[in-house]
Each structure stands twice: as structure tokens, then as C-alpha cells.
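Worksheet for the structure shown next.
No lab work stands behind these numbers, since they all come straight from the coordinates. Note that the coordinates shown come from a computational prediction; the quantities given were computed from them, not determined experimentally. Cβ sites come from the backbone with ideal geometry, for glycine too, and all protein chains shown count toward neighbours.
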Ligand code: NAP
Ligand code: G4F
């Protein structure tokens, strides 16, 4: 019989890639969408006829209970979140409601409806924050630097707690930054690739950024959702760090992206102090040897290939928007 998966956050970057992967694995795929005045389904356009969408919200307990009863999934992938770090200072309580208590709501719903449902929690390398240890692995202590990071630590630990308290299959993936042409336009990588495309096509003059020295371990979202799927197929629920093991600065990213369109980034990028965060994370780099060994996972797309893919896609997008 076909396995059934429920993805919260299916309209997001990772949700869309995971839906495609699970369909390729012959799953019956269900996803939650939030009610909005205008539906934003662009990322799942390609698969819309092959998936089942249901209205639900991590803020609403009954909607989660009802959807689990209706869908009867074998696996639940909790990707839904308020995922933009700067917003977490502007809306810290909302961020906690969705990213922290929202996880408990979903776990409680699973516990009450069917404890046999497998559960994946989308944890984040932001939880490591400014930890003095490098590279970061599953044992590295957390030092969160934003309300977002704090909320994700709650989500991570409540997931482990339901595993330990109730014997449920609850796993948590500590994923380092992963990007793609479907990345939200406010995140730094996509902001840069879109600006490089717009500047090349004469539609923008400057690109304003914040901290250029911040270093991140950037990978490709398509590779990372494969790791997520593998965690759920593993023989026991566990915690896995997913990363490339290589860090680059925002400055490096700018240089490479502008080189893709034969421009010198230094002529276009300006630092805007209003974009500097109240507390930033300076340097994240992950050690994913556990996942490489136990899940036989490794990233396929390099930093350079990722940037080329994103810039090429944004050039096409900007041309379409222009036309
Ligand atoms: P994303 O593109 O921002 O997608 C977030 C998804 O969550 C969207 O589908 C959004 O729906 C949904 N959502 C937000 N609030 C919700 C609520 N109250 N109830 C139900 N759904 C809600 O994020 P992503 O990059 O795909 O990331 C997926 C998950 O991985 C997130 O939990 C993120 O925090 C975590 N993570 C991401 C990275 C990364 O580098 N991308 C790294 C580590 C962890 P709308 O479409 O309606 O907004
Ligand atoms: O692209 P970012 O906004 O990603 P950030 O904060 O690392 O968070 C992302 O990755 C996390 C995994 O570690 C996820 F959990 C989270 O949901 C999200 O997907 O910023 C990256 C770096 C930061 O240090 C920021 O200060 O880029 C720096 N930056 C410099 N100028 C900028 C900008 N970030 C943004 N968004 N916009 C700028 O103009």
C-alpha cells in the first residue's frame, strides 16, 4: 500500500522540494495551507494536481487534530514555521507561538490521534548561534542569538521529549542554511542573486545589505530534503546535523553571484546599518559525519553550482516579470 505523508509548510521552499521527492517515492502526499486573502501556491505549481491540500494552522489545535484524523498519515513532516530571523525580534511572541508551542500542538495531536505516526521536526543551525565550538555536530551546546533560535530550541527539545516520554518516532534534523531558486526573496542569498539579475538587466542600481562578514554553511535545499526523508526511514528516531562542512561569508556569496553576470559586486553593494541585527550569528559550519555514516547522505550540489543555479533562475524570472 502507498505510504501517506503529511507536510506542514508545504507551500514553503523545503515543503515544495519534499513534496516532489515523496511523490517520486510513490507516497500519497498531503499538505497544510494557511488561510490567506490570496493563495500563494507558486512553489507547488508543478505538483498541485498530485497532492492533497488541507487548511490548517500551527496556531489552531483543532485544525491539527482534524487533519490527522482525516488523512491518517504514516509520517508527519513539520516544516511550518515563522522562518525569517529578523521578524523574530519584531514578533517574538508570535514566533514562539508558531515555532515552539506549535510543535507541541502538533505532537499532542499525534499523541492523541495515533502515537504510531512518525514525526520530523525542522530544527535549525541557528540554535548553535555563537557557540564557541566549531564545526558544530549533534553534541555541540546551543547559544541562541535570536527569538527565532530560542523558539527552535524549544521545538527541538519538545520533539526529543515526546520520543522519550511516549516512545513515539520523533526525529529532529538540525539543518544548516539551504537555498534554492525557491528561497524566499528576503533571505540574503536570494536577495543577492535577484539583485545581481536585476542589476544586470538594468532594473536596479544598488544592493543594500547588512553584515557582510557573517559566515554560513550554505547547501542546496533539494539535497537537504533527501536527508530529511532518510531520517524518517532510519531504524530509530534520532537527531542529525545536515551540512556541507564548508562556510563562506556573505561577501564571498556576493562576489560569486555578481561574477555569474560578469559584474564586480563592489560597484553595487552598499552596507545599510539598519539591516544589521540586534545580535547576529557570526560563523556557522556543520559537521554532518553522523548523517553521512548512518544515513549514507551527502550533498551533491556545490556552493558555486548553487549560486549559478540561483542566478540563472533569477535572470529568467526577472525577464518574465519585465515582459
Ligand atoms: P519557508 O519557505 O519560510 O516556509 C515556511 C512554511 O511554513 C510556509 O509554507 C508557511 O506558509 C508555513 N507556515 C508559517 N506559519 C505557519 C503557521 N502558523 N501554520 C502553518 N503553516 C505555517 O521555510 P523553509 O526555508 O522552507 O524552511 C522549512 C523549515 O525548516 C522551517 O521550519 C525553517 O524554520 C526550518 N529551517 C530552514 C532552514 C533553511 O535554511 N531554509 C534551515 C534550518 C531550518 P505560507 O506559505 O502561508 O507562509
Ligand atoms: O539569509 P539569512 O536571513 O539567514 P539566517 O538568518 O542564517 O537564517 C536562515 O537559516 C537558518 C539556518 O541556520 C534557518 F533556521 C532560518 O529559518 C533561515 O532559513 O541571513 C544570513 C546572514 C545573517 O548573518 C545576516 O545578518 O546574512 C546576513 N545578512 C547580511 N545582509 C543579511 C543581509 N541577511 C538578510 N536576510 N538580509 C540582508 O540584507
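Could you calculate the contour length gain from residue 319 to residue 279, that is, 0.36 nm times the residue separation minus the distance between their Cα atoms, to one decimal place in nm?
Contour length minus the Cα-Cα distance gives 10.7 nm.
If you project the alpha carbons of region 157-302 onto their three principal axes, what span does each projection cover, largest first, in Å?
56, 33, 22 Å, listed from the longest principal axis down.
Can you tell me, using C-alpha contacts under 8 Å and at least 6 residues apart, the relative contact order of the chain as a whole percent?
Across the chain, relative contact order equals 17 percent.
Helix 188-200 versus the longest principal axis of the chain: what is the Cα-based angle in degrees, 0 to 90, to the nearest 10?
With rounding to tens, the tilt is 40 degrees.
Multiply the residue gap between residue 52 and residue 138 by 0.36 nm, knock off their C-alpha separation, and tell me the result in nm, one decimal place. Show your work: numbers first, answer last.
Values: separation 86, 0.36 × 86 = 30.96 nm, distance 3.43 nm.
Contour length minus Cα-Cα distance gives 27.5 nm.
7 Å from Cα along Cα→Cβ at both residue 25 and residue 271: what's the point-to-point distance in nm?
Spacing of the two 7 Å Cα→Cβ label points: 4.4 nm.
Label residue 263 and residue 249 with points 7 Å out from Cα along Cα→Cβ: what is the distance between them in nm?
So the label points at residue 263 and residue 249 sit 2.1 nm apart.
Quick one: grab Rg to one decimal and Dmax as a whole number for region 1-85, Cα atoms only, in Å.
Rg then Dmax for region 1-85, in Å: 12.1, 40.
Apply the Kirkwood formula to region 194-237: the hydrodynamic radius equals the inverse of the mean of 1/r over all pairs of different alpha-carbon atoms; give it in Å with one decimal.
Across region 194-237, the inverse of the average 1/r is 14.2 Å.
Would you calculate the separation in nanometres between label points at residue 1 and residue 312, each defined as 7 Å from the Cα along the Cα-to-beta-carbon direction?
For residue 1 paired with residue 312, the spin-label model returns 4.3 nm.
Tell me, what are the semi-axes, in whole angstrom and largest first, of the equivalent ellipsoid of the chain as set by the roots of 5 times the Cα gyration tensor eigenvalues?
Over the Cα atoms of the chain, the semi-axes work out to 32, 22, 19 Å.
Give the order of 168, 310 when sorted by the count of other beta carbons within 10 angstrom, beginning with the fewest.
With the sparsest Cβ surroundings first, the list reads 168, 310.
State the Cα centre-to-centre distance between region 76-135 and region 32-64 in whole Å.
18
Which three semi-axes in whole Å describe the equivalent ellipsoid of region 108-226, each the square root of 5 times a Cα gyration tensor eigenvalue, listed largest first?
Over the Cα atoms of region 108-226, the semi-axes work out to 34, 18, 12 Å.
So for each of 179-187, 97-105, 84-92 I average, over its residues, the number of other beta carbons within 10 Å; can you give me the resulting order with the highest mean first?
97-105, 179-187, 84-92
On each of the three principal axes of the Cα atoms of region 242-316, give max minus min coordinate, whole Å, ordered largest first.
45, 35, 17
Taking the Cβ-Cβ separation of residue 91 and residue 112 as r and a Förster radius of 22 Å, what is the calculated FRET efficiency to the nearest 0.05?
Calculated value: 0.15.
Would you order 303, 240 from fewest to most other beta-carbon atoms within 10 Å of each residue's own beta-carbon?
303, 240
Sort 283, 234 so the one with the fewest other Cβ atoms within 10 Å of its own Cβ comes first. Mind showing how you got there, number by number?
Details: 283 17, 234 14.
Neighbour counts put them in this order, fewest first: 234, 283.
Helix 61-71 against the longest principal axis of the chain: what's the angle in degrees, Cα atoms only, rounded to the nearest 10?
Taking the Cα atoms of the chain, the angle to 61-71 is about 70 degrees.
Quick one: Debye curve from the alpha-carbon atoms of region 63-136 only, equal weights, vacuum; give me log10 I(q)/I(0) at q = 0.11, 0.14, 0.19, 0.26 Å⁻¹ to two decimals.
Debye output, listed in q order: -0.37, -0.56, -0.85, -1.16.
Using only Cα atoms, locate the centre of region 179-230 and the centre of region 262-323, then give the distance between them in Å, rounded to an integer.
Each part reduced to its Cα centre gives a spacing of 4 Å.
Helix 303-322 sits at what angle to the longest principal axis of the chain, using alpha carbons and giving 0 to 90 degrees rounded to 10?
With both axes taken from Cα atoms, the answer is about 80 degrees.
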